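A quick write-up on the structure given underneath.
The values are calculated or read from the model by the stated rules, or taken from the named source; none is laboratory data. Everything numeric in this text was worked out from a predicted model, so none of it was measured. With ideal geometry, Cβ positions are generated from the backbone for all residues, glycine too; neighbour counts draw on all protein chains shown. Heads up: the accessible areas ignore ligands, DNA and RNA and are worked out on the full protein's heavy atoms, side chains in. Shrake-Rupley method; radii C 1.70, N 1.55, O 1.52, S 1.80 Å.
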Amino acid sequence: MKRNRYYLLVLSIVFGLFSCKNESKNDLALNSKNSTENSSIESKVEALLNKMTLEEKVGQMNQYTGFWDVTGPTPKEGNQALKYEHLKKGLVGSMINVTGSKNVRAVQKIAVEESRLGIPLIIGFDVIHGFKTLSPIPLAESASWDMDAIELSAKVAAKEAAASGINWTFAPMVDVSRDARWGRVMEGAGEDAYLGSKIATARVHGFQGADLSSKETIAACAKHFAAYGFAESGKDYNTVDIGTSTLYNVIFPPFIAAKNAGVRTFMNSFNEINGIPATGSAFLQREILKKQWGFDGFIVSDWGSINEMVAHRQAKNGKEATEIAANAGSDMDMESHLYVSELVNLVNEGKVKESVIDDAVRRILRVKFELGLFENPYKYCDEAYEKDVVGSKEINEAVLDVAKKSIVLLKNENNVLPLKKEGQKIALIGALADDKTSPLGNWRIGAEDGTAVSVLEGMQKYKGNTLFFEKGAEFVSGETVFAKELNINVSDKSEFIKATAIAKKADVVVMVLGEHGYQSGEGRSRSSLGLPGVQQELLEAVYKANSNIVLVLNNGRPLAVTWADEHIPAIVEAWQLGTQSGNAIAQVLYGDYNPSGKLPMTFPRSVGQVPIYYNVKSTGRPNMPAPGEVFWSHYSDITNKPLYPFGYGLSYTTFSYTDINVKNVKDNSFEISVTLTNTGNVTGKEVAQLYLKDDYASVTRPVKELKGFELVKLNPNESKTITFLLTENELGFYNNQGDFIVESGDFTVFVGGDSEAELTTKFELK
Ligand code: BGC
């Protein structure tokens, strides 16, 4: 056991270390602007709050989804008419799923011109990876490890959404997850807290920019607080039961990063955590987020999650759920319709204090003022501007750029790739190759079906080759998949023969296989991680006809494509890459873009290995004691090794890592340097990664943890010395009381191109 050298309270971490470290130009600009504007916003909030009746205050805490065609006749009866009446009475603070500047203007006009106090609505929408023009799904984008590209992607998404009337996105999702069965891994940054924190920062900066009141930026929302990604057995909405160490060291860091980047809202989550539904957790919302982290924005519930506390059986009925959620610090009710119906009575009965309501309303009004909605409630409602911005060249170029950077080359035996540009016969096979909807991925409600560039279209732009195309097996359309879930690529193999026929006459076969865009996402957990439907059989049938195959995977989660890894010479992980998907894939296949992506999640060999992740604990029996021994931590039917490790990805060039050195630069800071050389024939980019192992600690630490990375571009034979700085932020960890501590002792570092990096050195923190 080691001595605690530095014992730092959680507060000092949140306000000190992390905030200094992460403070970028954007944060600084925001901070100085804030200091001059804060006091005036605060006094405006107070002045308004003083004028509000209890009903109007509760109204600010109520969010409704779009409920009628706003530019059509107003609803006269039923639920819709009631919601409309509420809007007029100032009993609605926010609406979601109203889009288009004309529609937003129409609802905003009712709130502003017909309600007593004219408080503008905050208009939210799930701008998860773009609005109408889509970037890659977030998991894919995370594979770029390129923070500038990720920030730009969020920035153009914000610009396009804002031009369509939206001023608040329910993104970024910063839930760490180690379980590929969970469909929502597509929406996050993968399995790692450190990478996830950097990406959370980039996304918040991208959405919110330096000025929230600009008409190009929107408020962001860190979700789902907390631990939604740790649902048991990867089944969506399932129970979460985790210890303090995982909560503080793995789950919280990306949320802290988002908070420090200035995120203005948080969303709580559907899951219970250690017996308490997150929506009703005072520990998470009041104690951690609002008190310890000092978050002064507001928390929105997840869709209907206040009401779900009844199904969780924490609350007897909706009224009790309302009492628990409001007292726990859940500020806005998304679509449970409970705050608006129950909160006034609960205050009158003394079960919820009016100060609780005031605190929530202050937070909501604060964000509305920051967005500039009071100055001009229609600033997001300019139809001419909307026409110019939505689908613009600038936005399409940005999403193409990040799409290329998201592609990961998993295998390239005999340099099958890049494809030759002339004189080749190429067989393109797979229904996904000709699909213009699936590449949009899930969480794309603003985009229209059929608006992605397909792989077929992308490849057709390269005219020097002869291209044959066959689907091989039919895929059902996006909407059908949405409705029927996994009823995909059923059992019809009658088209295989056409696919094998074109494979036979081709020099090289490109097969686009994987998951449809709607096979991952919310409610889309899977118990198997192979290629769905008859695709594995199609792959094997084509392989028999021509084994010179490039397999292009389209998927929203890691897949266990073990057979493919053993047989197929080239494998490209192309996820669901958004609007420009086919162009990005074609440019990589033809070598116009040298792939540089690295996996943000471990790929398993078999679903039985899941959850599988690189930063595991040692256990008491980590290694086989002697050949053939049984009693150590392993499976008897499969290796502990993943199919592809976290951080892994190839390039059309090769890189070497040499000359690792460590220097104690200050008392508790160490500089690790290494020489990275491009040893191949073409220019390429490499993500150099540093992993740290705390050799012994009072609370067991993982075998290694990512603590630094740098994306480096090098010409052939070019070398660069890369330095990583390790400070107390990287050397310390949270103990089981939730305190951040730094312990003296030995540390080992590993530097290389993935989490199995072997170049190593050691140092001692005295
Ligand atoms: C999801 C949230 C989303 C919300 C609004 C919920 O089902 O869990 O992430 O923001 O719906 O669409």
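One table, with the values for the structure above:
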read-out: Filtered residues of segment 302-314 (kept if away from the ligand (no atom under 16 Å from the Cβ) and either among the charged types (D, E, K, R) or crowded, with 22+ Cβ neighbours inside 10 Å (or both)); value: Arg313
read-out: Cross-chain or 6+ apart pairs with Cβ under 7 Å, segment 653-675 first and farther than 15 Å from Lys707 by Cβ, then of a type in the set (Asp, Glu) and open to solvent by 20 Å² or more (accessible area, probe 1.4 Å); value: Lys663/Glu671; Val665/Glu671; Thr675/Asp659
read-out: Test: Val742 is in a strand (DSSP E or B) and under 24 Å from Gly684 (Cα atoms); value: no
read-out: Selection within segment 585-636 - open to solvent by 70 Å² or more (accessible area, probe 1.4 Å) and of a type in the set (A, V, I, L, M, F, W, C); value: Met624, Val630, Phe631
read-out: Residue check for Glu216: among the acidic types (Asp, Glu) and either touching a Ser or Thr at 6+ places or on another chain (Cβ under 8 Å) or on the phi > 0 side of the Ramachandran plot (or both); value: no
read-out: Residue count for segment 257-279, restricted to those that are more than 16 Å from the ligand (Cβ to nearest atom) and open to solvent by 10 Å² or more (accessible area, probe 1.4 Å); value: 6
read-out: Residues that are closer than 16 Å to His86 by Cβ and within 16 Å of the ligand (Cβ to nearest atom), drawn from segment 98-120; value: Val98
read-out: Enumerated helices (runs of 4 or more DSSP H) restricted to segment 55-155, each holding at least 2 residues that are charged (D, E, K, R), surrounded by fewer than 24 Cβ atoms within 10 Å (Cβ to Cβ) and modelled with pLDDT of 95 or more; value: 78-88, 101-109
read-out: Failed item, numbered, when Ser596 is tested on (1) assigned to a strand (DSSP E or B); (2) farther than 26 Å from Phe763 by Cβ; (3) among the hydroxyl-bearing types (Ser, Thr, Tyr); value: (1)
read-out: Test set (1) modelled with pLDDT under 95; (2) within 24 Å of Ala545 (Cα to Cα); (3) open to solvent by less than 40 Å² (accessible area, probe 1.4 Å); (4) of a type outside the set (Ser, Thr, Tyr) - Lys379 fails condition number; value: (2)
read-out: Given (1) surrounded by 15 or more Cβ atoms within 10 Å (Cβ to Cβ); (2) hydrophobic (A, V, I, L, M, F, W, C); (3) under 30 Å from Ala157 (Cβ atoms), number of the condition Ala427 does not satisfy; value: (3)
read-out: Residue in segment 216-232 that is part of a loop (DSSP other than H, G, I, E, B), within 30 Å of Gly59 (Cα to Cα) and away from the ligand (no atom under 15 Å from the Cβ) present; value: yes
read-out: Some residue of segment 150-159 being farther than 25 Å from Ile96 by Cβ, assigned by TED's automatic domain parsing to the domain that holds Asn260, away from the ligand (no atom under 16 Å from the Cβ) and not hydroxyl-bearing (Ser, Thr, Tyr); value: yes
read-out: Filter pass, Tyr385 being in a loop (DSSP other than H, G, I, E, B), away from the ligand (no atom under 16 Å from the Cβ) and touching a residue at least 60 places away in the same chain (Cβ under 8 Å); value: no
read-out: Close pairs (7 angstrom Cβ cut-off, 6 or more residues apart or separate chains): over 22 Å from Met332 (Cα atoms) and touching a residue at least 24 places away in the same chain (Cβ under 8 Å) in segment 221-234, open to solvent by 10 Å² or more (accessible area, probe 1.4 Å) and among the hydroxyl-bearing types (Ser, Thr, Tyr) anywhere; value: Ala231/Tyr237; Gly234/Ser525
read-out: Positions within segment 164-215 being within 15 Å of the ligand (Cβ to nearest atom) and aromatic (Phe, Trp, Tyr), in sequence order; value: Trp168, Phe170, Trp182, Phe207
read-out: Per-region count, segment 315-332, residues out of contact with any strand residue (DSSP E or B) (no Cβ under 9 Å at 6 or more places or on another chain) and within 16 Å of the ligand (Cβ to nearest atom); value: 0
read-out: Condition met for Gly318 (open to solvent by less than 20 Å² (accessible area, probe 1.4 Å) and under 28 Å from the mean Cα position of the chain (by Cα)); value: no
read-out: Test: residue in segment 81-97 that is in contact with a helix residue (DSSP H, G or I) (Cβ under 8 Å, 6 or more places away or on another chain) and over 23 Å from Glu342 (Cα atoms); value: no
read-out: Counted residues, segment 392-412 - those being open to solvent by less than 40 Å² (accessible area, probe 1.4 Å) and not in a strand (DSSP E or B); value: 12
read-out: Pairs with Cβ under 7 Å, 6+ apart, first in segment 396-413 and in contact (Cβ under 8 Å) with a residue 40 or more places away in the chain, second of a type in the set (S, T, N, Q) and open to solvent by 30 Å² or more (accessible area, probe 1.4 Å); value: Lys404/Gln587
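Per-residue answers, yes or no, for (1) open to solvent by 60 Å² or more (accessible area, probe 1.4 Å); (2) closer than 24 Å to Leu410 by Cα:
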{"residue": "Tyr657", "(1), (2)": "no, yes"}
{"residue": "Lys663", "(1), (2)": "yes, no"}
{"residue": "Ser669", "(1), (2)": "no, no"}
{"residue": "Ser673", "(1), (2)": "no, no"}
{"residue": "Arg701", "(1), (2)": "no, no"}
{"residue": "Glu710", "(1), (2)": "no, yes"}
{"residue": "Thr721", "(1), (2)": "yes, no"}
{"residue": "Gly738", "(1), (2)": "no, no"}
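The rows are residues; the columns are (1) open to solvent by 20 Å² or more (accessible area, probe 1.4 Å); (2) modelled with pLDDT under 95; (3) more than 16 Å from the ligand (Cβ to nearest atom).
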position	(1), (2), (3)
Asn489	no, yes, yes
Ser494	yes, yes, yes
Ala503	no, no, yes
Asp507	yes, no, yes
Val550	no, no, yes
